[in-house]
Every structure is written in structure tokens, then in C-alpha cells.
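None of the figures in this text is laboratory data; all of them are computed from the coordinates on show. No experiment lies behind these values; they were computed from the predicted model shown. Note that we place each Cβ from the backbone using ideal geometry, even for glycine, and neighbour counts take in every protein chain shown.
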Amino acid sequence: MSLLREAERCLANQHAHNLNAFITPLSRSGKWLDRVKEADQRSEKGTPKSAIDGRLISIKDNICTRQLPTTCASGILDKFTSPFNATVVEQLEGAGAVIAGKTNLDEFGMGSHSVHSRFGPVKNLRRDSAGQEISAGGSSGGSAVAVAAEQCYAAIGTDTGGSVRLPAAYTGTVGFKPSYGLISRWGVVAYANSLDTVGILGTNTSSVRNIFSILNHHDPRDPTSLSKSSRSRILAQLQNSPLSTRLTSKPLRIGVPLEYNISELTPSVRTAWLLSLAHLQKQGHTIHPVSLPTTKHALSAYYVLAPAEASSNLAKYDGVRYGTRGDGPDGNGQADGVLYSNTRGTGFGSEVQRRILLGTFSLSADSMDNYFIQAQRVRRLVQRDFNAVFSAQHPLFDAQAVDPASVGAGASAGAEVDVIVCPTAPSSPPRLSDLTSESGQSSPLDAYVNDVFTVPASLAGLPAISVPVTVAESSRDSGADIDELAGIQVVGQYGDDELVMSVGELLA
Ligand code: GLN
């Protein structure tokens, strides 16, 4: 199919399905059409700019675009258009891609179901067995649904604690979160800087890999972007490693974290996990139980650290220097407090306000030691657990400097593995009505629990991918559409992004 036909089909799908995946959809006409036609000509001549030349790629609405507004799904930015493009947008356009619109999300990326949006909840294309609407996952739910409904070729999201992987699992798409610092965050509105990553959603791993190769470069404008010298060092370390043949001939050692085998796993998720392991085993890879003992504390640590960073990041939206201004006197002196509270009280939604309060509390002088500092310690332990089970060394940690007492702390002796394979989420997507209605059965804590398997890799900055796995025919007999798919996650050592994608490919 020509690129133009493909683009027109995406556009038609954007207008045909009312899934609320976009805050700003693609306009029906515009310069973008010419750009696709030019890409078609390049492709006919056999000189495409890249593998994504002329393809439509959606951008989560917390990533800055000069041509389209960037709202973060928040009232506080509802009239904001950035004067510049984020680096990732520049990179995509430089490779010939066309921006397919800005996708809906949980406000500022805070949420797990894409229901906390000023523009209304995102709807999953899939339904449950009773035909009810279900969560699309979040916070990059709009990006995931846009991919699932073929409203674009692929989409960009952000993943701070699972926001690309969870919606991928709920919508049956592939969602990849790279190692922290590989993709530039310049122009990405910060939620929790030490955890934020830009992630990629696609229908298959090869489209994700194509986009990753375009975005995986040092950006001098992002102080947390991995330097060129560190990148070459990591590459050299991987090439020199005895495991460099991992992707070709050598059987892989697959780790199964015992702590992820919780009683709350729904049967379809457990089945998908077992099927994936059996599938890998059949291909000659070996399965090894590993222990990540700090897993049970990771979620609480994340929900202390992420809101703490968020409360600081969101302080700038005060209606004076930045953001949509609420009612109130804007003179000097005491009256400013009224302006601030009106602006923030009306501009931010309830979940964002909850996070700001949580974060401000845990950073306050009396609580700092008991919450924030403890959570930082847990984060260290989570990183240590992973380092103990991976056969590859963390390329940014000095092996000599590692506390000897910690070596092997999380692993049974000799159980070093190449990657870890586990579910992306413990259960199937909940019903949208339970999440949105006043009488709904779901509490904020229920939403936080969905991140239990995704936050550990985020705390450790590791690469992880979620791929859709179809559950066996026998379970399909129930006719329950919702039970057909579950997201399975592959997590690797820092810098092992290619390996993670390759194992994802084996499973998908
Ligand atoms: N659900 C998590 C949160 O609300 C993760 C969000 C994200 O990755 N952006 O913090």
C-alpha cells in the first residue's frame, strides 16, 4: 500500500472510532499530505529517508510540539502551545515521519487508566466479555489506543512507572521503555525527572525498533541524556561480552522472579506467563527462578518518590509565571495567595492535586527521613536486586565499588540470567465504569496496584518491553474477549535494550 493510502486510512480511522484517543487529531488537510506524497516519491525511487519516512506517528500530549498545542490533559495548560519542538519530535520529523496528532493521557502522566484527563477518558477498542467498555491503561492510553485502532503507524508515550507498558498490555500492542537516559527528554513535560523516559508503542517489535534507532542518540540539551562516550563504552562492553552471541546461537538464560508469582494474578495472566516461558523453552532457552526480594517494597517507594518529584515540578504552574491563570487579584502582597490557590485549585484535576499533597508532605521537614529518604534506600535495594541476578554487569556502576555484601543478595548462586520475563500487569483491564463513576468500585489505591510489576524496572532505570501474548484456545471457549490477551514483560540489564526487544520479538 502506498504511504498516502496508509495515511488516509489512519485519518479515516481517527474520525471513525470515537475512542477519545486524541486531544488534537490530525487535520483533514494540510501540509502533512504533501510530506507524505514526497515520501511516497522517495520510496518509489528507492531513496527513503528512513524506515519511518512518510509514516504517521502520534505524540503523547505531554511532549512539546510547535505546530500543535501541548495540554498535558490539564486545565492549567489548556491554552498552551510550545514555542519549540521536543528533541524526539525533531528527530522523527527529520527522519520523514509525520505527526499524527497529540494523544490523550492521564493529566501530566499521573495515572494508570487514562481517565484523569480534562478531555475525558480514553476508551479501549476492546470490550470485556459482557460487552462493557474497559480501561485502555495509562497514562499513555491515547497513544496505545491510536496504535491499536490503526489511527497511526506507531506512537510515542512516556513511561515513568509503567505508562507505556501498562496501556500496551491492556490494548494488545507492543510498548517499549528504554534504559533511562537513552532517549532525550528535552521538551518532554517533566513528571518525575529521575524516572521519566520516552517510550514507543507499535503493533510489532520491528516498528518499535525502527523508531528507537532514530531516537537513541545523545542530546546535549538534556542533562540526563547518556553521553556519547558512555554509549560507546556500553556498546563495546556488550560486544566484548561472552554473551554477545546471545541474539544468535547461544541459548538464553531466562529469569522468572518468584516474588511476581502473587496470588492476585488473574488466571489469564498466569496462563500467558506460563505459555511464554514454555514457548521460550521450546526454542532452546533455559528457565531459572530468581529472587528480587525488594519487589514488595518497590511500589510504595515509587509512590513516595514520584509524587515528591512531581510536587516540585508542578510548582511552576501558578498562573503568574506559567500556566492558565485562575480568577483572583494579581497584585502584589498577600492577595497573591488567592490567585495561586484559585489557579491551582481549578487548573489541576483531583489526582494531580492528590499527588502534589502527597509529595509536599513526604518532602516536609518532619517526614523527609521517614518517607523520602527511606524510599530512596528502597530504590537502591531494587537496583541491587536486579544487578545481582543479571549476568551482564551494570555498565554505569563500577564493579569494584559494589558493596561485596550485596553481591548475589537477590539470586540463588549461579542463577545469573540474561533477561527477566514476567507479566506486565497482575490482572485484566478493569471496567471503565468502575473507574469513572462516583459509585465505581475502584479507589486510587487500586489504580496504583496495577503498577506493581512495572515500577521496579523504572526505579532501576532498566529497559523493558510489554508484548501481547494470546492465551490458549481452551480459555477462549468462554468467549471472553478480555481473556484472550495479556501483556508479558521482558526486563534486561541497563543498556541491553536490543536484547530486550529481541526476546520480546520471540514472544510476540
Ligand atoms: N501509574 C503510574 C503513576 O501514576 C505511572 C505513570 C507513568 O508512567 N507516567 O505514577
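Take each peptide in 161-170, 498-507, count the other Cβ atoms within 10 Å of every residue, and average; sorted highest first, the result is 161-170, 498-507.
Say a paramagnetic label sat at a point 7 Å from the Cα of Arg9, along Cα to Cβ; which residues of the range 124-159 have their backbone N under 12 Å from it? Only 150-153 pass the distance filter. Taking chymotrypsin sites (Phe, Trp or Tyr not before Pro) across the range 65-123, the ones in a DSSP loop with at most 15 further Cβ atoms lying within 10 angstrom of their Cβ are Phe84. For Phe22, the amide hydrogen comes within under 5 Å of the amide hydrogens of Asn104, counting only partners 5 or more places away or on other chains and with H modelled in the peptide plane. Every Cα-Cα pair in the chain was counted, and those over 34 Å apart are 34% of them. What the Cβ-Cβ distance of Leu396 and Arg321 gives, at R0 = 60 Å and to the nearest 0.05, is a FRET efficiency of 0.95. Think of the chain as a dipole: +1 on every Lys or Arg Cβ, -1 on every Asp or Glu Cβ, centred on the Cα centre; then among Leu215, Ala130, Phe397, Leu215 lies furthest on the positive end. Among beta bridges from DSSP that stay inside the chain, the antiparallel ones total about 65%. Secondary-structure-derived ellipticity at 222 nm for the chain, considering helices only, amounts to -11000 deg cm²/dmol, per-run term -39500 (n - 2.57) for DSSP H runs with n ≥ 4.
Footprinting exposure proxy ranking of Leu363, Leu56, Leu4, Leu11, fewest other C-beta atoms within 10 angstrom first, gives Leu4, Leu363, Leu11, Leu56. Simple spin-label estimate for Thr266 and Arg354 gives 2.0 nm between the two label positions (7 Å along the Cα-to-Cβ direction from each Cα).
Sorting the segments 30-37, 197-204 by their residues' average number of neighbouring beta-carbon atoms within 10 angstrom, most packed first, yields 197-204, 30-37.
Computed from the C-beta positions of Thr470 and Ser206 and an R0 of 22 Å, the FRET efficiency is 0.75 to the nearest 0.05.
Residues of the range 169-195 with amide nitrogen under 19 Å from the 7 Å Cα-to-Cβ point of Arg233? Inside the label zone: 179-183. Grouping the Cα pair distances of the range 212-327 into 10 Å bins from zero gives a pair-distance distribution of 10, 18, 25, 29, 12, 5, 1 percent in increasing distance order.
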